[in-house]
1. For Val5, which of the numbered conditions (1) closer than 28 Å to Ala127 by Cβ; (2) away from the ligand (no atom under 12 Å from the Cβ); (3) crowded, with 17+ Cβ neighbours inside 10 Å fails to hold?
2. Confirm whether Arg169 is more than 10 Å from the ligand (Cβ to nearest atom), surrounded by fewer than 23 Cβ atoms within 10 Å (Cβ to Cβ), in contact (Cβ under 8 Å) with a residue 40 or more places away in the chain and basic (Lys, Arg).
3. Among the candidates Ala124, Ala74, which residue alone is part of a loop (DSSP other than H, G, I, E, B), buried (at least 19 other Cβ atoms within 10 Å of the Cβ) and at pLDDT 95 or above?
4. When residues of the stretch 1-50 are filtered for being farther than 20 Å from Arg162 by Cα, in a strand (DSSP E or B) and touching a helix residue (DSSP H, G or I) at 6+ places or on another chain (Cβ under 8 Å), how many remain?
5. Tell me which residues, restricted to the stretch 22-46, are buried (at least 21 other Cβ atoms within 10 Å of the Cβ) and in contact (Cβ under 8 Å) with a residue 40 or more places away in the chain.
6. In the set Arg160, Arg140, which member is assigned to a helix (DSSP H, G or I), charged (D, E, K, R) and surrounded by fewer than 22 Cβ atoms within 10 Å (Cβ to Cβ)?
7. Just name the residue that is farthest from the ligand (Cβ to nearest atom) out of those in the stretch 9-57 that are charged (D, E, K, R) and more than 23 Å from Val77 (Cβ to Cβ).
8. Does Val64 qualify as being surrounded by fewer than 24 Cβ atoms within 10 Å (Cβ to Cβ) and β-branched (Val, Ile, Thr)?
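The values are calculated or read from the model by the stated rules, or taken from the named source; none is laboratory data. As the structure is a prediction and not an experimental result, all values here were calculated from the model. Backbone-built Cβ (ideal geometry, glycine too); neighbour counts: all protein chains shown.
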Amino acid sequence: MGRLVALTGASGFVGGHIAQALVAAGWQVRVLMRRPPSGPPLAALPVDVVSGSLADRGSLQRLVEGADAVVHVAGVVRARTRRAFFQVNADGVANLLAAVHATAGGGAMPHFLLLSSLAARAPAVSAYAASKRAGEDMLRARAGPVPWTILRPPVIYGPRDRNTLAFFRIIAKGIAPLPAPDAARVSCLHASDLAAAVCTLLTAAEAMSGQICEIDDGCAGGYSWRTMIETAAAHLGVRPRFVRIPAPLLNVVAAMAAGAGLVTGTAPILTPGKVREIRHLDWVCRDTRMQTHTAWRPRVPLDTGFARTVAWYRREKWL
Ligand SMILES: NC(=O)c1ccc[n+]([C@@H]2O[C@H](COP(=O)([O-])OP(=O)(O)OC[C@H]3O[C@@H](n4cnc5c(N)ncnc54)[C@H](OP(=O)(O)O)[C@@H]3O)[C@@H](O)[C@H]2O)c1
């Protein structure tokens, strides 16, 4: 029997890739689920399921009991209110950490790996960014004897991702929206490389303990929106028309979407905070400590990653 890892967020896009990689790496995986696993990849993986949410103390204790490592991926990337972001992205960290403290007693402490976001680097940009930073701060302040590492990935993409699907869909229609200034730069990371980084970190836990690491696909300086669009368009087989979206227009649409979200009770995709994230000039990773201190290397450059992602979307009829 492999070592035991407790994983949250496994039903989501990123967590699903991490669950697959952990199982493939020989870990015994125990996941927290709000609903029984119904589709790929979770339903086909040999994982133990603990029912419950990040707000449920008993479930969290059952999740982490006896675990050698805790990988905390669950989080919200869209929410109706600032409070709703903080309840999951910050309070969720505190609740999970409290469960680790409660179950570990005086014994060995599991390594706590928190999946944060590059957004945490700029908490003033949006409620999402602030909540991810608050989650990090919570872990650092309250960890006590629990060893921890924080990973800050940039944009993650790959099979099963519904967020970047919207980006591919609009380009497939022949439209290339430019929502940010030309100077804006973004780092990217394929989900399989992120999952491999998590597996590496759990085996090299000591080397990276107490560190906050940014990781990306190794493209120095990141990508412009134009490059990302042109790369996607090449694999979609289209020559899209570039359309610059002025900031005031984005802001009006976002304000209307946010207002509608409050009325209908749904979390809108575009909000004023999301617009500030999109228009932020520097989402570039410049951290190479993972490569310096561990054997992890990014394997999927953007061109290959977009080709595989488009092929997957087409195979699954998402595109
Ligand atoms: N996608 C990216 O580009 C990106 C980039 C950087 C960092 N991240 C981080 O990666 C994490 C996962 O993102 P994602 O894109 O995979 O999002 P996702 O597909 O929406 O998955 C979110 C996961 O979190 C779970 N979750 C949310 N609230 C929960 C709660 N209260 N209790 C228990 N589980 C809860 C969801 O469970 P249900 O299925 O039950 O809803 C789901 O498993 C987030 O922490 C995000 O900040 C993502």
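1. (1)
2. Against the criterion (more than 10 Å from the ligand (Cβ to nearest atom), surrounded by fewer than 23 Cβ atoms within 10 Å (Cβ to Cβ), in contact (Cβ under 8 Å) with a residue 40 or more places away in the chain and basic (Lys, Arg)), Arg169 qualifies.
3. Details: Ala124 fails: buried (at least 19 other Cβ atoms within 10 Å of the Cβ).
The match here is Ala74.
4. Residues that pass the stated criteria total 8.
5. Leu22, Trp27, Leu32
6. None of the other options fit; the residue is Arg140.
7. Asp48
8. Against the criterion (surrounded by fewer than 24 Cβ atoms within 10 Å (Cβ to Cβ) and β-branched (Val, Ile, Thr)), Val64 does not qualify.
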